[in-house]
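Novice: I have a structure I would like to understand better, so I am pasting it below and will then ask my questions one at a time.
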Amino acid sequence: MVFTLFSAQIDEFATNMGYLRDYDQALKVAQKENKPLMLVMVGDYCPWCRKFERKTLQREAVALNVNENFIALIVDRNHDKGKYPEGLYAKRIPTVYFIEPKTQSTIFESLGYVKKDEFQETLNEVMTEFKSEKK
């Protein structure tokens, strides 16, 4: 029952925010649009994950930056296991992986709850790094 409730919650968050739920689909879109993939890994038992979603990811400036510059994906670390690359299993959640779509290498990894201003800086730094790697 708890999984069903959380699954509905994460699906609703993904729908409302324009995040994808399937890694392979997100990777294809990222490759086609030549944008970095932003994989947000959360857990159904994690209050810090809910806080990160509410206080950071849902803030207008952050949401606009993500939607404009990234292909966003959200997965549950345990319930979606096997649906994302094994090497991306986070020991601590929330964790956000920024992935180069062609090589699938990690550009940057953000661990734990991050406030909106700090996360906005991270998004900008990742984009700078991504653009410099494309040259």
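The values are calculated or read from the model by the stated rules, or taken from the named source; none is laboratory data. It should be emphasised that the depicted structure is a prediction, and the values quoted were computed from it without experimental measurement. Here Cβ is always computed from backbone atoms with ideal geometry, including for glycine, and neighbour counts include all displayed protein chains.
Novice: Just to check your reading of the model, which residue among TYR113, TYR84 is hydroxyl-bearing (Ser, Thr, Tyr), in contact with a strand residue (DSSP E or B) (Cβ under 8 Å, 6 or more places away or on another chain) and in contact (Cβ under 8 Å) with a residue 12 or more places away in the chain? Write out each step before concluding.
Specialist: Values: TYR113 fails: in contact with a strand residue (DSSP E or B) (Cβ under 8 Å, 6 or more places away or on another chain).
Of TYR113, TYR84, the one residue that is hydroxyl-bearing (Ser, Thr, Tyr), in contact with a strand residue (DSSP E or B) (Cβ under 8 Å, 6 or more places away or on another chain) and in contact (Cβ under 8 Å) with a residue 12 or more places away in the chain is TYR84.
Novice: PHE119: within 14 Å of the chain's Cα centre (by Cα), among the aromatic types (Phe, Trp, Tyr) and at negative phi, yes or no? Walk me through it before giving the result.
Specialist: Working: within 14 Å of the chain's Cα centre (by Cα): yes; among the aromatic types (Phe, Trp, Tyr): yes; at negative phi: yes.
Against the criterion (within 14 Å of the chain's Cα centre (by Cα), among the aromatic types (Phe, Trp, Tyr) and at negative phi), PHE119 qualifies.
Novice: Being assigned to a loop (DSSP other than H, G, I, E, B) and either free of Cβ contacts under 8 Å to residues at least 12 places away in the same chain or of a type outside the set (Val, Ile, Thr) (or both) narrows it down to one residue among ARG54, ARG92, ARG50; which is it? Can you show your working first?
Specialist: Working: ARG54 fails: assigned to a loop (DSSP other than H, G, I, E, B); ARG50 fails: assigned to a loop (DSSP other than H, G, I, E, B).
ARG92 is the lone residue from the list that is assigned to a loop (DSSP other than H, G, I, E, B) and either free of Cβ contacts under 8 Å to residues at least 12 places away in the same chain or of a type outside the set (Val, Ile, Thr) (or both).
Novice: Another one. Look through THR128, THR95 and report the one residue that is more than 18 Å from ILE10 (Cα to Cα), out of contact with any Pro (no Cβ under 9 Å at 6 or more places or on another chain) and modelled with pLDDT of 95 or more. Please lay out each step first, then the result.
Specialist: Numbers: THR95 fails: more than 18 Å from ILE10 (Cα to Cα).
After ruling out the rest, the residue left standing is THR128.
Novice: Quick one: would you say GLY82 is surrounded by fewer than 20 Cβ atoms within 10 Å (Cβ to Cβ), out of contact with any His (no Cβ under 8 Å at 6 or more places or on another chain) and under 25 Å from PHE130 (Cβ atoms)?
Specialist: On the way: surrounded by fewer than 20 Cβ atoms within 10 Å (Cβ to Cβ): yes; out of contact with any His (no Cβ under 8 Å at 6 or more places or on another chain): yes; under 25 Å from PHE130 (Cβ atoms): no.
In short, no.
Novice: Output the number of residues of region 57-78 satisfying the condition of being buried (at least 16 other Cβ atoms within 10 Å of the Cβ) and either over 15 Å from the mean Cα position of the chain (by Cα) or assigned to a loop (DSSP other than H, G, I, E, B) (or both).
Specialist: 3
Novice: PRO36 fails exactly one of the following numbered conditions: (1) crowded, with 16+ Cβ neighbours inside 10 Å; (2) within 15 Å of the chain's Cα centre (by Cα); (3) without any contact (Cβ under 8 Å) to a residue 60 or more places away in the chain. What is the number of that condition?
Specialist: Among (1) crowded, with 16+ Cβ neighbours inside 10 Å; (2) within 15 Å of the chain's Cα centre (by Cα); (3) without any contact (Cβ under 8 Å) to a residue 60 or more places away in the chain, the lone unmet condition for PRO36 is (3).
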